[in-house]
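The values are calculated or read from the model by the stated rules, or taken from the named source; none is laboratory data. As the structure is a prediction and not an experimental result, all values here were calculated from the model. Quick reminder, even Gly has a Cβ in these numbers, built from the backbone with ideal geometry, and neighbours come from all protein chains shown. Only protein heavy atoms, including side chains, enter the accessible area calculation; ligands, DNA and RNA are left aside. Shrake-Rupley method; radii C 1.70, N 1.55, O 1.52, S 1.80 Å.
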Amino acid sequence: MKAMLCRSFAPIDELRLESIDAPAADPGEVVIDVAATGVNFLDGLMVQGKYQTKPPFPFSPGSEVSGRIRAVGEGVTGFKPGDRVASFCRVGGYAEAVSAPANQTYPLPEAVDFVTAAGFLITYGTSYHALKDRARIKPGETLLVLGAAGGVGLTAVELGKVMGAHVIAAASSAEKLALAKEYGADELIDYSEGGLRDTVKALTGGRGVDVIYDPVGGALAEEAIRCLAWEGRYLVVGFAAGAIPKFPANLLLLKSSSILGVYWGDALKADPERHAGNIAELFALQGEGKLRPHISETYTLESAVEGLRQVMDRKVKGKVVLTVGKGE
Ligand SMILES: NC(=O)c1ccc[n+]([C@@H]2O[C@H](COP(=O)([O-])OP(=O)(O)OC[C@H]3O[C@@H](n4cnc5c(N)ncnc54)[C@H](OP(=O)(O)O)[C@@H]3O)[C@@H](O)[C@H]2O)c1
């Protein structure tokens, strides 16, 4: 089978399309013929050795796929060859077939096409877990989303609205903010020129926001945490800007506020049943027309580097997906 391989930690352009043996299904696993693969910021970090998970070489990046079950390993129940699925395979998705834990693989509703499904699990799964399980956001609360037109950011805007929050979307351009508005944002802040804190203050009558969803990190983070209201919650989702922020502890004391870590991939391992429930709820919301996954660009397996470069260069709105074409 064909796979985009990483043979040493290096810039993303060093990824090469090669022919390798197809994977087998170990106990507890399924093998999926990949129809489509979601491209994520973490893929680019992983091939450069900058992500917390460092797989043995050679490996293919790609942590979420859609497709059809080709084989099931010992002890796997509930799936059979030919079933349509979406899976958080963790690694190996830039390939024509991938093995994945069966308990992180989900039946795909007939109405959801493979391209949409490939970009669904990580973005919606992370934002739903963050807002529902970690922040326990309540209807009427105010949510500030940074990087609001990015992969996870846009789903946080959309889910925030579904969950009854007043959503302030913040991003680096008018074009990105227009997309966040289309997805329901009530207020918009362009932070490319600075001034995030003052604008949030003005928009909230000086009160601040109840929840902050931050997939960006860097310098923006400390400015953002100063925007929390009394008993506010700050969700640490990612560091797309590169630097991991450090927060002065007095800020938490002064607002009786909390910083909450969000690591969907490991939360899934810790409690697969709870997350299977979350995914089923998300697919149901999508079926009801309440979620509209935004796939802005598709690439082929051969042009995967180009797609990944768009993501790493801050150019993408919503999701990029690779159409791999097997298992359709
Ligand atoms: N904790 C979890 O469980 C979890 C799950 C999924 C993803 N993540 C992490 O969340 C972050 C975002 O992931 P994503 O897939 O949503 O990425 P994405 O689609 O590329 O979005 C990231 C956003 O960050 C902003 N940004 C600011 N500085 C940037 C820079 N130097 N390079 C690129 N983007 C920059 C951009 O928005 P503006 O241009 O508007 O600033 C961009 O839209 C990543 O760090 C990823 O690893 C964490």
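The figures follow:
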{"read-out": "Failed item, numbered, when residue 209 is tested on (1) hydrophobic (A, V, I, L, M, F, W, C); (2) within 16 Å of the ligand (Cβ to nearest atom); (3) within 30 Å of residue 286 (Cα to Cα)", "value": "(2)"}
{"read-out": "Hits in region 196-219 (condition: over 20 Å from residue 263 (Cα atoms) and under 24 Å from the mean Cα position of the chain (by Cα))", "value": "196, 209, 210, 219"}
{"read-out": "Condition check for residue 324: touching a strand residue (DSSP E or B) at 6+ places or on another chain (Cβ under 6 Å), modelled with pLDDT of 95 or more and open to solvent by less than 70 Å² (accessible area, probe 1.4 Å)", "value": "yes"}
{"read-out": "Odd one out for residue 92, checked against (1) at positive phi; (2) over 19 Å from the mean Cα position of the chain (by Cα)", "value": "(2)"}
{"read-out": "Residue match in region 163-173 (condition: in contact with a Phe, Trp or Tyr (Cβ under 6 Å, 6 or more places away or on another chain) and under 18 Å from residue 235 (Cβ atoms))", "value": "yes"}
{"read-out": "Subset of region 28-58 (residues that are open to solvent by 10 Å² or more (accessible area, probe 1.4 Å) and within 21 Å of the chain's Cα centre (by Cα))", "value": "40, 41, 42, 45, 48, 49, 50, 51, 52, 53, 54, 55"}
{"read-out": "Members of region 306-319 found to be under 10 Å from residue 39 (Cα atoms) and open to solvent by less than 20 Å² (accessible area, probe 1.4 Å), listed by number", "value": "307, 308, 319"}
{"read-out": "Of residues in region 249-268 being free of Cβ contacts under 8 Å to residues at least 12 places away in the same chain and not in a loop (DSSP other than H, G, I, E, B), the one nearest to the ligand (Cβ to nearest atom)", "value": "266"}
{"read-out": "Scan of region 12-46 for residues that are over 26 Å from residue 76 (Cβ atoms), touching a strand residue (DSSP E or B) at 6+ places or on another chain (Cβ under 8 Å) and either assigned to a loop (DSSP other than H, G, I, E, B) or away from the ligand (no atom under 16 Å from the Cβ) (or both), ordered by number", "value": "14, 15, 16, 17, 18, 19"}
{"read-out": "Which numbered condition residue 25 fails, given (1) within 30 Å of residue 149 (Cα to Cα); (2) open to solvent by less than 70 Å² (accessible area, probe 1.4 Å)", "value": "(1)"}
{"read-out": "Qualifying residue in region 66-81 (condition: within 28 Å of residue 317 (Cβ to Cβ) and outside the structural domain of residue 152 (by TED's automatic domain parsing))", "value": "yes"}
{"read-out": "In region 113-137, residue farthest from residue 296 (Cα to Cα) [restricted to those that are β-branched (Val, Ile, Thr) and within 9 Å of the ligand (Cβ to nearest atom)]", "value": "126"}
{"read-out": "Test: residue in region 115-124 that is free of Cβ contacts under 8 Å to residues at least 40 places away in the same chain and open to solvent by 20 Å² or more (accessible area, probe 1.4 Å)", "value": "no"}
{"read-out": "Selection count, region 281-297, where residues are out of contact with any Lys or Arg (no Cβ under 7 Å at 6 or more places or on another chain) and within 12 Å of the ligand (Cβ to nearest atom)", "value": "1"}
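Conditions tested, residue by residue: (1) touching a residue at least 60 places away in the same chain (Cβ under 8 Å); (2) more than 16 Å from the ligand (Cβ to nearest atom); (3) in contact with a helix residue (DSSP H, G or I) (Cβ under 8 Å, 6 or more places away or on another chain).
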| position | (1), (2), (3) |
| --- | --- |
| 157 | no, no, yes |
| 161 | no, yes, no |
| 168 | no, no, yes |
| 178 | no, no, no |
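Yes/no per residue for (1) crowded, with 17+ Cβ neighbours inside 10 Å; (2) part of a loop (DSSP other than H, G, I, E, B); (3) assigned by TED's automatic domain parsing to the domain that holds residue 64; (4) more than 10 Å from the ligand (Cβ to nearest atom):
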{"site": "235", "(1), (2), (3), (4)": "yes, no, no, no"}
{"site": "241", "(1), (2), (3), (4)": "yes, yes, no, no"}
{"site": "247", "(1), (2), (3), (4)": "no, yes, no, yes"}
{"site": "276", "(1), (2), (3), (4)": "no, no, no, yes"}
{"site": "279", "(1), (2), (3), (4)": "yes, no, no, yes"}
{"site": "299", "(1), (2), (3), (4)": "yes, no, yes, yes"}
